[in-house]
Each structure stands twice: as structure tokens, then as C-alpha cells.
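Student: Before we start, here is the structure in question, set down as C-alpha cells.
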Amino acid sequence: MQQTYPAQEAFFIFDCSRATKEAFFILAVDSTQVNCDIPQPLILNTMNPYEVLGIIHNPAIDTLTRNSPNPITNSNDDPDTKDIEPSESQHNHEQLLPLVIYFHGGGFILYNANSTIFHNFCKSMANQVSAIVLSVEYRLAPENRLPAAYEDAVESLIWVQNQALDTVNGEPWLRNYGDFSKCFIMGCSAGGNIAYNSCLGASELDLEPIKICGLILNQPYFGGVERSKSELRLVNDKYVPLVVNDLMWELGLPVGVNRDHVYCNPFVVGVDENLERKLRFMKKCLVTCSNEDPLIDRDIQFVKMLEEEGVKVVSWIEEFGFHGMAHSHPVKAQEMLQVVRDFIFCED
């Protein structure tokens, strides 16, 4: 396979206000059951997951008080995100850029599209990958439990379609610089779960003229009632300890269901009789993961499931990485984004 890249890189940022419903876009150019056969390390019972996450649950109205730091970067706070009109010398109109529709992480309950940690990541991706990145502001749980985030994700795809169809009033940055025939859906952690489910939802829609060419999942967030070996091996993980993992699912899933619900556990058999047909909608999928991430076993299982269904899968496993490494480790982020770039521009 051969990779081809745009001859010229461009890097611009444009923020547009809430385009549809509660959707906000940043456009950037440039457990209850344990397998007793598995040795179980000591579980740190004294860990309070609410304190770790910096949240207080208000059960009477099912809301969260979020006290954890969440710095944000708005367009007027960042000189690279001003509403500027790029000159002809800054961009080659004959070389349109692929679109990456991106969903941030946070266990379905934390952060926003303009959280600085994700804002900076999207800027780096736009620059290194040479793409237009659309970061979607979806509704958080428990105020809006799943499938609310999935619904917002599908609505964001329809929004992109509307921009492609409206050649007069459509978003000019997309209309002038974006290649609607080369769209990719991407998500990190919980955003990876959302990206996957939005792709399943999109399979039921006529999204012409946009084309979904691939799915990019960075350490996608899946789970289940039965513990995986990596969850037990990394039970006290610094980034996703098991008690925190359980709490995020408890707050994110619909009330009254467990972690074997299909939103959490995509390996449940017989829940969706149309799954095989929906998976055929995925042209190809990139899954990046890390051996030191408690989610690694489920991510590998997910790759095998897709391969068994005939999906072309590219997997990249970082031996010594950790959950969320792309957002806190510049070298790991650069390595991962190079893999993303190769995946996007690879000629099948």
C-alpha cells in the first residue's frame, strides 16, 4: 500500500457556534462478577472514585457537580483560532483536505469539546495529519445518559451532510477546503465508543454526498460484567482504576442496566440482528491501544470481532503506553498521529 499526502500543509482554526441542537464544532484545517481462574491482585478498597474524579452525584435529580479542573480554550482565547480568511497562498484549492469528525473522552461524564486538553490535541492533529477536524460537543451523563451522546454524534454527521448539500450558505471552511468524499469518524476513550456507535447509526442513513471512509478509535472504551485479565492486572491503574471505571459506566448507562448492556459490551450476542450489515458500512478501522491500559484486552477483543465480521482493521499497540497517553505525552501523541495520518492517506 502507498501513502500519499497533500503537497502543502495548512493549519487554520475556525470555531462556529452551536450549529444544531446542542452541537458545537471546532473546525481545524491543516464489577460484579470475577473470573476466579484469573489471579487477582489486591483491590484498593479505600479508593473513593467520586474523589478521584472530583464529582458529587445528586441522585434525586441525577446530576453531577463537577469540581475537577477543566480548563477550556475558546476561539477568542487562542490566536490560532481566530475567524480568519486564509489567503490563496495558504491553501491549494486543488488539494482538498479530509474531514475528521472527532469525539472527546471523559467516561461520558466529563470534559467538553473546548476543554484545553482536547482543543490542543485537535490542533496538533490538524497540523500533523493535515485535515479538517470537527470536535463535537455532545451531551454528558448522567444528566443525559446514553444513548444521548450517540444521538448527538449522528446529528453531527447530518450537520456535515447539510453543509455539503448547501453550496450557497454551507459552512465556507468545509465547502472551500474540505473533501466531503473523504470523511473519517474518530474518538478517544469514551469518544471511541461514541464514534463506533455513531458509525453503526450512520449505516442506516443516506448521507450523500459525504462518504465515511473509515473509523479511527484511540483506546476505545468498552466493558462488561466479567472482568478482563488486564482490568484485574491493572486494578489500581493510575488513570483508569477499576472502581473509577465501574462508576463511569454506572453514571453513563441507562438506569437499571448493567455493564453487559450493548452500549458497554459490544460482544453481547444476538442483541442487534442487523449488526453484520451495519458493520459492512465501515470501510476500514484503525484501533490504537496500549499494553498498560486496563482496556487493552477488550480493545484486542474488539479488533478480533471486527475482523471476524470482515472489516479491514489496522491495529497499533503501544507496548509501554497508558490510557490517555495521546493527550499528556507529546512523543506518544506524535507517534500515534503519524499512524492516523498513514491510515487516512493510505491508498487501499
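The values are calculated or read from the model by the stated rules, or taken from the named source; none is laboratory data. All values derive from a computational prediction rather than experimental measurement. FYI the Cβ positions are ideal-geometry reconstructions off the backbone, even for glycines, and counts take in every protein chain you see. These accessible areas exclude ligands, DNA and RNA; they are computed on the full protein's heavy atoms, side chains included. Shrake-Rupley method; radii C 1.70, N 1.55, O 1.52, S 1.80 Å.
Student: When the solvent-accessible surface of protein heavy atoms is calculated with a 1.4 angstrom probe, in what order do Cys289, Cys213 fall, highest first?
Tutor: The residues order as Cys213, Cys289, largest area first.
Student: Starting from the Cα gyration tensor of segment 272-348, take the square roots of the eigenvalues, sort them a ≥ b ≥ c, and report rounded, prolate or oblate (rounded when a/c is under 1.5, otherwise prolate if a/b is larger than b/c, else oblate).
Tutor: oblate
Student: Treat every Asp and Glu Cβ in segment 113-227 as -1 and every Lys and Arg Cβ as +1, leave all other atoms uncharged, and give the resulting dipole magnitude about the Cα centre to the nearest 20 debye. Could you put the intermediate results ahead of the total?
Tutor: Working: 7 positive and 12 negative charges, 86 e Å.
Using Cβ point charges on Lys, Arg, Asp and Glu, segment 113-227 gives about 420 debye.
Student: Excluding Val314 itself, what net charge comes from residues whose Cβ is under 9 Å from its Cβ, given Lys and Arg +1 and Asp and Glu -1? Display every interim value, and only then the final one.
Tutor: On the way: positive: Lys284, Lys312; negative: Asp342.
It works out to a net charge of +1.
Student: As I understand it, the dipole of segment 272-311 uses +1 on the Cβ of Lys and Arg and -1 on the Cβ of Asp and Glu, about the Cα centre. Which of Phe281, Phe302, Asn291 lies farthest toward its positive end?
Tutor: Ranked along the dipole, the leading option is Phe281.
Student: Mind computing the radius of gyration and Dmax over the alpha-carbon atoms of segment 103-223? Å is fine for both.
Tutor: Looking at segment 103-223, its Cα Rg and Dmax stand at 14.0, 45 Å.
Student: If you don't mind, there's one more thing I want to ask. Distances longer than 19 Å among the Cα atoms of segment 204-295: what percent of all pairs is that?
Tutor: Result: 53 percent of Cα pairs exceed 19 Å.
Student: Could you order the peptides 185-196, 141-152, 264-275 from most to least packed, using the average number of other C-beta atoms within 10 Å per residue?
Tutor: 185-196, 141-152, 264-275
Student: Please compare each pair in Lys123/Lys211; Lys238/Lys312; Lys123/Lys182; Lys238/Lys304; Lys182/Lys278 to a cut-off of 30 Å on the Cα-Cα distance and tell me which ones are over it.
Tutor: Lys238/Lys312
Student: Any idea what the dipole of segment 198-280 comes to, in debye rounded to 20, about its Cα centre with Lys/Arg Cβ at +1 and Asp/Glu Cβ at -1?
Tutor: 340
Student: Could you order Lys284, Lys229 so the one with the most accessible surface comes first? Probe is 1.4 Å. Could you put the intermediate results ahead of the total?
Tutor: On the way: Lys284 15, Lys229 135 Å².
Heavy-atom accessible area, descending, gives Lys229, Lys284.
Student: Quick check on packing: order 233-243, 98-108, 48-58 by the mean number of other C-beta atoms within 10 Å, highest mean leading.
Tutor: 98-108, 233-243, 48-58
Student: Expected output is a single nm value to one decimal: the length gained when fully extending between Asp166 and Arg277, i.e. 0.36 nm times separation in residues minus the C-alpha distance. What is it?
Tutor: So the chain would gain 37.0 nm between Asp166 and Arg277.
Student: Quick one: net charge of Arg259's neighbours, Cβ under 13 Å, K/R +1, D/E -1?
Tutor: Working: positive: Arg227, Arg298; negative: Glu226, Glu231, Asp246, Glu250, Asp260.
Local charge sum for Arg259: -3.
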